[in-house]
Amino acid sequence: MDGYGDRRNGPRQPPEPLIRPVPKMRSRALVVGGGIVGLSCAFFLRRAGYDVTVLDRDPDGDRASLGNAGAIAQPEVMPIAAPGIVWKVPRYLLDPLGPLSIRMSYMWRLWPYLSRFLRAANKRQYAASAASMGSLLATAFDDHGTIHQESGLGYLLNKDGHLWVYRSPAVRDASPDWQIRERQGLACTFLDRDSLVAAEPALGPMATCAVRTDDWATYVDPKAYVVGLMAHLRERGVAFKACHVASLDGDAVTGTGGQRYPFDHLVIAAGAWSHRLSVQLGDWCPLETERGYNTTLPNPGVSLNRMVTFAEDHFVATPMSTGLRIGGAVEFAGLEAPPNFARSKALLQLAAQYLPDLNVGGGNEWMGHRPSTPDSLPVIGRASRHSNILYAFGHGHLGLTGSATTGRLIAALLQGEEAGLDLTPFRIGRFSP
Ligand SMILES: Cc1cc2nc3c(=O)[nH]c(=O)nc-3n(C[C@H](O)[C@H](O)[C@H](O)COP(=O)(O)OP(=O)(O)OC[C@H]3O[C@@H](n4cnc5c(N)ncnc54)[C@H](O)[C@@H]3O)c2cc1C
């Protein structure tokens, strides 16, 4: 991980990027969506010589990719649909500000997703999805590294590992997930209270033990990464157009204003809105948005040396260049409902229990739309009826982590190259009734 930042010595200055000659323009590739997944696809397509245009309804606007927790979380391969989760959900739902909420008015619209989620929550599917996600994320650091080498943005990433913190050692020790992770070669070390406090002195007595991994890194500001990558792509000849894509067919997309963009190849990377486009091509997908919340505290009064997940309370704290970001929560309320920032405030109150000296004042609240599938696997592959159209969406909690690998795979697929892993589990057709 040479070339990355180091939290203890402060952020590095941007190094000179490696100048790599841009290959001669080939055919026109359109990418719908300028989030981190679309930008990563644009990066690898441009690198392969395509004439790339990114269409976004608001290229400089907010999106999930800007305000997230910043992690490249290679060990987070476990799907959300865990065996036994069905028995935990009622307890979560009883707490209106708990880790999971479903707006009642939205319940009936959630059923296509929820029914498949419940079906996936069994041991066999859980292990299979974890293995597929593990194979996808196995090259996450290398693929981010390719982007960093050429864009010079590696200084924004700190590879300082991660802690899962627990109140109860019994809960930690009972989880089967550590074995699944270890089988995939992800090293995890168990810490007692003394070693935990040595690593993170700001944690109060509520944190009794932890698990540490080094296979984890965090962007000090995911927004700076997105903005920097857009600037790099512009320099490399990628065009950005403000266009809200309303309709599409096999060789052109049309914006809400009537603008028409013909293409040779199309990538749909429109985050939580992607299914509205795929369905027009005959590919239905039960994509949902898991709305997530956080608050960035510019003057937190405490410092953490690395990102921490508070495992039993389902929230995370990430030290960023803009402050300490505290967030999490899953809310099913669709794409249109206004945010309920009481959720961000509730997470701050929880955080203050673990970090007794935390100053919760003066924070910036944020909500983002995670694009989520019932089995937690993204959709990566060709449209079923159009070989020149590819899908790259549905990365859920791990869109930043999986973005670079997705971009590399999309470029490989377009060029007819070997993907290097079995993409069958990621095909859109897996949701066909
Ligand atoms: C609270 C929170 C914390 C998170 N933490 C992490 C983390 O630590 N690590 C991690 O890996 N992931 C994390 N995630 C998940 C990650 O942020 C997302 O998976 C990822 O940003 C999704 O990227 P995307 O490019 O698919 O979508 P987006 O960033 O949502 O981008 C989609 C783009 O498509 C555009 N668009 C949509 N429809 C159209 C249309 N019809 N025409 C034109 N443009 C359109 C939108 O304007 C948007 O710009 C977190 C998410 C949340 C909410």
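The values are calculated or read from the model by the stated rules, or taken from the named source; none is laboratory data. Note that the coordinates shown come from a computational prediction; the quantities given were computed from them, not determined experimentally. So basically every Cβ, Gly included, is an ideal-geometry build from the backbone, and we count neighbours across all protein chains shown.
Going residue by residue through the range 418-429, is there one that turns out to be at pLDDT below 95, more than 11 Å from the ligand (Cβ to nearest atom) and among the hydrophobic types (A, V, I, L, M, F, W, C)?
Yes, the range 418-429 has at least one match.
What's the total number of residues in the range 389-402 that are over 22 Å from A329 (Cβ atoms) and within 13 Å of the ligand (Cβ to nearest atom)?
2
Of the conditions (1) within 16 Å of the ligand (Cβ to nearest atom); (2) hydrophobic (A, V, I, L, M, F, W, C); (3) over 20 Å from the mean Cα position of the chain (by Cα), A64 satisfies every one except a single condition; which number is it?
Looking at each condition in turn, A64 falls short on (3).
Can you name every one of the helices (runs of 4 or more DSSP H) wholly within the range 170-257 that holds 1 or more residues which are in contact with a Leu (Cβ under 6 Å, 6 or more places away or on another chain), touching a residue at least 40 places away in the same chain (Cβ under 8 Å) and among the hydroxyl-bearing types (S, T, Y)?
222-235
Please specify each residue of the range 140-185 satisfying the condition of being charged (D, E, K, R) and under 18 Å from the mean Cα position of the chain (by Cα).
Across the range 140-185, the qualifying residues are D142, D143, K159.
Of the conditions (1) at pLDDT below 95; (2) over 24 Å from L400 (Cα atoms), D215 fails just one. Which one is it?
(2)
Can you tell me which residue in the range 206-257 is farthest from P356 (Cα to Cα), limited to those that are more than 9 Å from the ligand (Cβ to nearest atom) and hydroxyl-bearing (S, T, Y)?
For the range 206-257, the residue satisfying everything is T254.
Could you tell me whether L55 is more than 7 Å from the ligand (Cβ to nearest atom) and of a type outside the set (G, A, S)?
No: the conditions fail for L55.
Looking at the range 118-145 only, could you name the residues that are assigned to a helix (DSSP H, G or I) and of a type in the set (S, T, N, Q)?
Q125, S129, S132, S135
Looking at P59, P21, can you tell me which residue is at pLDDT below 95 and closer than 20 Å to K223 by Cα?
Going through P59, P21 in turn, the sole match is P59.
Being under 15 Å from P59 (Cα atoms) and surrounded by 23 or more Cβ atoms within 10 Å (Cβ to Cβ) is the filter here, so list the residues in the range 206-225 that pass it.
Across the range 206-225, the qualifying residue is only Y225.
Output the residue which, of all residues in the range 349-388 that are away from the ligand (no atom under 13 Å from the Cβ) and among the hydroxyl-bearing types (S, T, Y), is modelled with the highest pLDDT.
Y354
I'd like to know if the range 53-61 contains one or more residues that are of a type in the set (S, T, Y), buried (at least 19 other Cβ atoms within 10 Å of the Cβ) and outside any helix (DSSP H, G or I).
No, the conditions are met nowhere in the range 53-61.
Applying the selection to the range 96-117, what residues are of a type in the set (K, R) and part of a helix (DSSP H, G or I)?
Of everything in the range 96-117, those that are of a type in the set (K, R) and part of a helix (DSSP H, G or I) turn out to be R109, R116.
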